[in-house]
Amino acid sequence: MQTKSLAPNRAFLSALAAAVVLSGPLAATADAAPAKYQTHAQAAAVLKQAGISWSSSGGCSNRENSRCTSFTKINKATIAGLVSFKKASRCAVRVTGGTERGHASGTYSHYNGYKADIALNSCVNKYVTSRFKQAGKRSDGATLYKSPAGNVYAREGNHWDITYYNSRA
């Protein structure tokens, strides 16, 4: 009976090593955000290109500081939803809250990338209240409006708290 050697084939191993070098590392670096999320810089660039501004009471973008406005680990769908809202409404949109600490917790939370806050203004207020269906009140008394896409806009004291379940307005 003839047996084949199980020793590694040098030509195969050389080809495999070359393929790994050419294709790059198999694991993402610690700084890279998973495909679902964007880094602060990526999200800020998309918002800027769409003509959407943002502000921070602390003048910062540190996700761990509740006085900052951060987009670190924000869902791509949340950023796309803000852009979609801006295009559809043709209103001035200013983001005042992102993924920074200091918001309520939960699965569909700011920290988990599903929510953003935008400043009140007459154009935004009129667009939401006239185009979206009123959907009751939240436990804190905020009036809720649901967009045709299923996203929820909550009228809080000085801003709209928006939960984006998908990337449309």
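The values are calculated or read from the model by the stated rules, or taken from the named source; none is laboratory data. Values in this document were obtained by computation on a predicted structure and should not be read as measured data. Virtual Cβ from ideal backbone geometry, glycine too; neighbours counted across all protein chains shown. In case anyone asks, the SASA skips ligands and DNA or RNA and just uses the protein heavy atoms, side chains included. Shrake-Rupley method; radii C 1.70, N 1.55, O 1.52, S 1.80 Å.
Listed values, structure above:
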{"read-out": "Placed amide H near ALA135: partners under 5 Å, 5+ positions off or other chain", "value": "LEU144, TYR145, LYS146"}
{"read-out": "Amide H contacts under 5 Å for TRP54, placed H, 5+ residues apart", "value": "VAL95"}
{"read-out": "Qualifying lysines (Cα of each under 22 Å from Cα of LYS146; at least 8 residues distant if same chain)", "value": "LYS76, LYS86, LYS87, LYS115, LYS126, LYS133, LYS137"}
{"read-out": "Environment charge at TYR111 (Cβ cut-off 9 Å; Lys +1, Arg +1, Asp -1, Glu -1)", "value": "+3"}
{"read-out": "Contour minus Cα-Cα distance for SER89 and ASN62 (0.36 nm per residue)", "value": "6.8 nm"}
{"read-out": "Local net charge near GLN49, Cβ-Cβ under 14 Å (Lys/Arg +1, Asp/Glu -1)", "value": "+3"}
{"read-out": "Amide H partners (placed H, <5 Å) of ILE74, local residues excluded", "value": "GLN38"}
{"read-out": "Solvent exposure ordering (accessible area, 1.4 Å, most first) of TRP160, TRP54", "value": "TRP54, TRP160"}
{"read-out": "Pair TYR165, ARG101: separation of 7 Å Cα→Cβ label points (nm)", "value": "3.1"}
